[in-house]
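Read-outs throughout are calculated quantities, based only on the coordinates presented, and are distinct from any laboratory measurement. From a predicted model like this one, the values you see are computed outputs, not experimental measurements. Please note: Cβ atoms are built from the backbone with ideal geometry, for glycine as well, and neighbour counts cover all protein chains shown.
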């Protein structure tokens, strides 16, 4: 389990508090008892932030003062980038881990092959593709891409979680493609302007803070005529937090936008409209959300 984007917003000034709670709950309940994990976390939140007024004060403080800074320690594998942490996580890069990850992902992708084939085809639409995937996660979207890549294509995966970056390494080795995963800030990508022909994310923005900054960085490193391909959910992960405190739907959408976390595809459209990006295609799936494709002018 990790500290999520709204945890980072609510505990922006005292991140160590929520980090300690998440570590304890993960040790107790992950992965065998997620219901107890979320129930106990909810109890902690309601004790620490007992009223809507308390919740609002934390939101207002972040909206005014929050910045896209590196937050370390999102998982046990990211507490530092010293040698011990690297040794602890390096086994995630092995071809054996890639084989295991791909088998698990392939079983999920097989449930809706047309959707995932379209997602990959939008990303790999040129004769030679240089792909940047933001926010790798466990590797479902990564698998959908890598299994269709050709020898001329190149893949880079970026995540702020070292373990997720190593998942991309392992999958690239398994599929024998030119690619690797790296750990870096999504708000200050370590690439030159106009580097990639395609940038993509599979439900990654839903996990992030500072969405406008991430999208601006994506546009910066995208080539003119390049494509931004996003698989986005219809609703935010964080709605249930607000609902627990009595926020209306209108209040929730307003606050998600003000906090610069994911509020829905309409928010993404509005941001990219200011970034010289044209919407070109969109596929809507009742369960999976949207495949939204934009082109850099």
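Annotations
- Considering helices alone, the calculated mean residue ellipticity of the chain at 222 nm is -14500 deg cm²/dmol, with DSSP H runs of length four and up weighted by -39500 (n - 2.57) and normalised per residue.
- Footprinting exposure proxy for 182, 268, 49 (fewest neighbouring C-beta atoms within 10 Å first): 182, 49, 268
- Convex hull per residue volume in Å³, alpha carbons only, for the range 179-236: 94 Å³
- Applying D = kT/(6 pi eta Rh) to the range 185-296, where Rh is the Kirkwood radius over alpha-carbon pairs, T corresponds to 10 °C and eta to 1.306 mPa s, the Stokes-Einstein value obtained is 109 µm²/s.
- Antiparallel DSSP beta bridges within the chain, percent to nearest 5: 40 percent
- Sorting 213-221, 123-131 by average packing, meaning the other beta carbons within 10 Å per residue, from highest down gives 213-221, 123-131.
- Percent RCO, i.e. relative contact order, over the range 144-268, from Cα pairs under 8 Å lying at least 6 residues apart: 21 percent
- The structure shown yields percent of Cα pairs over 31 Å apart, and of the options [x] 56; [y] 32; [z] 28 that calculated value carries the label [z].
- Beta bridges by DSSP in the range 152-297, antiparallel share as percent, to the nearest 5: 55 percent
- Between the helical axis of 162-175 and the longest alpha-carbon principal axis of the chain there is an angle of about 20 degrees.
- Relative contact order %, the chain, counting alpha carbon pairs below 8 Å whose residues are six or more apart: 16 percent
- Diffusion coefficient, µm² s⁻¹, Stokes-Einstein with Kirkwood Rh over alpha-carbon pairs of the range 1-57 at 25 °C and 0.890 mPa s: 208 µm²/s
- Reference-scaled alpha-carbon Rg (2.2 N^0.38 Å with N residues) for the range 213-272: 1.32
- Cα gyration tensor, the range 89-199 - rounded (a/c under 1.5), prolate or oblate: oblate
- Sorted by Cβ density within 10 Å, fewest first, the residues 232, 164: 232, 164
- As a proxy for reagent exposure, 196, 11 were ordered by neighbouring Cβ count within 10 angstrom, fewest first; the result is 11, 196.
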